[in-house]
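These notes concern the structure reproduced below.
The values are calculated or read from the model by the stated rules, or taken from the named source; none is laboratory data. What you see is a predicted model, and the numbers here were worked out from it, not measured in a lab. So basically every Cβ, Gly included, is an ideal-geometry build from the backbone, and we count neighbours across all protein chains shown.
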Amino acid sequence: MNKKTIIALFILAGEALLPFSAQASFLNTNSATQKTLKYNLSLWNIPSAVNGETWYDDGGSYQVSVVPSTSSAWADITVNGTAVGINSKGATIYATNNPGIGIAYQVNYDPPSATTPQYAWELPNKITFTTTTSGSGYMHVKYMLVRLTENVPAGAITQAPDVTLNYHNPTGSGYPDISFLALSGISSQPKMTSCTINAPSTITLPTLYGNKLTSGAQEAIDIPTMTLTNCPGAISGIKYAFKATYGTQDASNGIIKTVTGDGYAKNVYIQLQNADGSPAMANGTHDLENYNGSGNYDLPGYKIGYYIYDENNVTAGNVKSTIQLEITYN
């Protein structure tokens with residue numbers, strides 16, 4: 001009975017030890033790629049709602065080979081940043097220089113089957129190498145953007161945490177532990193979503209009668225309020241311009257040309273005016289002065305009217321012109 005008991009214990013011990021001795025590996029840190037990548041934010045749009053997230057992605061990877069062994073190496077990261085929350089995966093969200101946008105991290109190896117867990121989100125984003133197969137693979141320090149506020153303030157994302165990638169080998173492995181700066185600096189900005197432009201498609205001026213013609217501006221009316229809605233944040237500013245489709249007669253004074261030909265009046269122009277009736281520049285750019293981030297904005301008030309240089313040279317007919325409202329972002 002005692003002999004049988006001893007044999008059974010020996011078999012059980014063997015079964016417990018086999019997985020431990022087989023499922024482990026060192027990291028060949030002597031040949032591992034050490035480089036610093038910049039954040040590539042052009043992969044995403046800024047999420048549309050508070051707590052909205054992009055997907056995890058990166059702008060490159062770090063080659064490192066694994067060597068089967070009897071004990072396991074592991075990798076993790078050190079983030080030099082200010083924690084501001086937790087995302088849906090349990091990852092720590094860190095601040096960027098724009099208070100409306102945070103960033104969170106994922107560490108994984110390719111192939112993912114080489115590690116436990118396959119994807120690490122919670123600090124310190126540790127993965128342990130348990131593969132029994134030697135070979136070359138790639139470390140990834142991926143990141144996602146998280147929207148933190150309803151209003152995303154103005155200002156590009158120019159600062160994000162520096163991230164250090166750490167490789168740890170067991171004592172006696174023959175391979176040193178190494179750490180290197182893996183992420184630092186910004187190479188590109190998120191994709192921008194344009195404002196929705198709300199402006200009248202047609203403006204009808206009062207009829208201009210011959211017995212009322214005078215030189216200069218006349219019959220000006222208010223342009224209905226023009227608005228920009230759902231404008232983006234995390235940019236430096238917004239500019240707008242009124243572009244004259246048929247060209248200008250005097251751009252600095254907002255005087256634009258009209259359609260010519262059969263049935264159209266001659267020597268009658270259109271003038272763009274400020275709300276107080278002073279000339280407004282055509283084809284030039286204007287800053288959206290109250291821009292402070294994502295949201296909705298009204299453009300300043302403008303008027304539109306006729307302009308005549310010499311009433312004695314006017315011939316009767318229709319008066320038609322086109323102005324395009326052009327929005328640019330910087």
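Structure notes:
- In the stretch 42-73, the residue that is nearest to residue 134 (Cα to Cα) out of those that are out of contact with any helix residue (DSSP H, G or I) (no Cβ under 8 Å at 6 or more places or on another chain) and among the β-branched types (Val, Ile, Thr) is 67.
- Comparison of 296, 330 shows that the only residue that is surrounded by fewer than 15 Cβ atoms within 10 Å (Cβ to Cβ), modelled with pLDDT of 95 or more and out of contact with any Asp or Glu (no Cβ under 6 Å at 6 or more places or on another chain) is 296.
- Extreme residue, nearest to residue 133 (Cα to Cα), among residues of the stretch 74-95 that are hydroxyl-bearing (Ser, Thr, Tyr) and touching a strand residue (DSSP E or B) at 6+ places or on another chain (Cβ under 6 Å): 78
- Among the candidates 153, 206, 161, residue that is in the same structural domain as residue 303 (by TED's automatic domain parsing) and not acidic (Asp, Glu): 206
- Within the stretch 140-177, being among the aliphatic types (A, V, I, L, M) and either touching a helix residue (DSSP H, G or I) at 6+ places or on another chain (Cβ under 9 Å) or not in a strand (DSSP E or B) (or both) holds for 145, 148, 152, 154, 156, 157, 160.
- Residues of the stretch 22-51 satisfying the condition of being assigned to a loop (DSSP other than H, G, I, E, B), touching an Asp or Glu at 6+ places or on another chain (Cβ under 8 Å) and surrounded by fewer than 18 Cβ atoms within 10 Å (Cβ to Cβ): 44, 50
- Residue list for the stretch 52-67, filter: closer than 20 Å to residue 136 by Cα and surrounded by fewer than 16 Cβ atoms within 10 Å (Cβ to Cβ): 60, 63
- In the stretch 171-199, the residues that are modelled with pLDDT of 95 or more and over 30 Å from residue 41 (Cα atoms): 175, 176, 177, 199
- Selection status of residue 137, assigned by TED's automatic domain parsing to the domain that holds residue 99, touching a residue at least 12 places away in the same chain (Cβ under 8 Å) and part of a loop (DSSP other than H, G, I, E, B): no
- Among the residues of the stretch 299-316, the one identified as crowded, with 16+ Cβ neighbours inside 10 Å and more than 17 Å from residue 256 (Cβ to Cβ) is 299.
- First in the stretch 229-247 and in a strand (DSSP E or B), second anywhere and acidic (Asp, Glu), Cβ under 7 Å, 6 or more apart: 239/287; 240/326; 241/326; 243/326
- Residues in the stretch 230-289 that are small (Gly, Ala, Ser), buried (at least 17 other Cβ atoms within 10 Å of the Cβ) and under 28 Å from residue 100 (Cα atoms): 233, 234.
- For the stretch 76-93, a tally of residues being of a type outside the set (A, V, I, L, M, F, W, C), in a loop (DSSP other than H, G, I, E, B) and on the phi < 0 side of the Ramachandran plot returns 5.
- Residue that is within 40 Å of the chain's Cα centre (by Cα), surrounded by 13 or more Cβ atoms within 10 Å (Cβ to Cβ) and polar (S, T, N, Q), where the choices are 196, 202, 227: 227
- Restricting 98, 125 to those that are closer than 22 Å to residue 73 by Cα, surrounded by 14 or more Cβ atoms within 10 Å (Cβ to Cβ), in the same structural domain as residue 59 (by TED's automatic domain parsing) and of a type in the set (S, T, N, Q) reduces the list to 125.
- When the stretch 248-275 is limited to residues that are polar (S, T, N, Q) and outside any loop (DSSP other than H, G, I, E, B), the one that is farthest from the chain's Cα centre (by Cα) turns out to be 249.
- Among the residues of the stretch 209-228, the ones that are in contact with a strand residue (DSSP E or B) (Cβ under 6 Å, 6 or more places away or on another chain), of a type outside the set (Val, Ile, Thr) and outside any loop (DSSP other than H, G, I, E, B) come to 6 in all.
- Residue within the stretch 263-280 that is more than 20 Å from residue 213 (Cα to Cα), in contact with a strand residue (DSSP E or B) (Cβ under 6 Å, 6 or more places away or on another chain), at pLDDT 95 or above and not basic (Lys, Arg) present: yes
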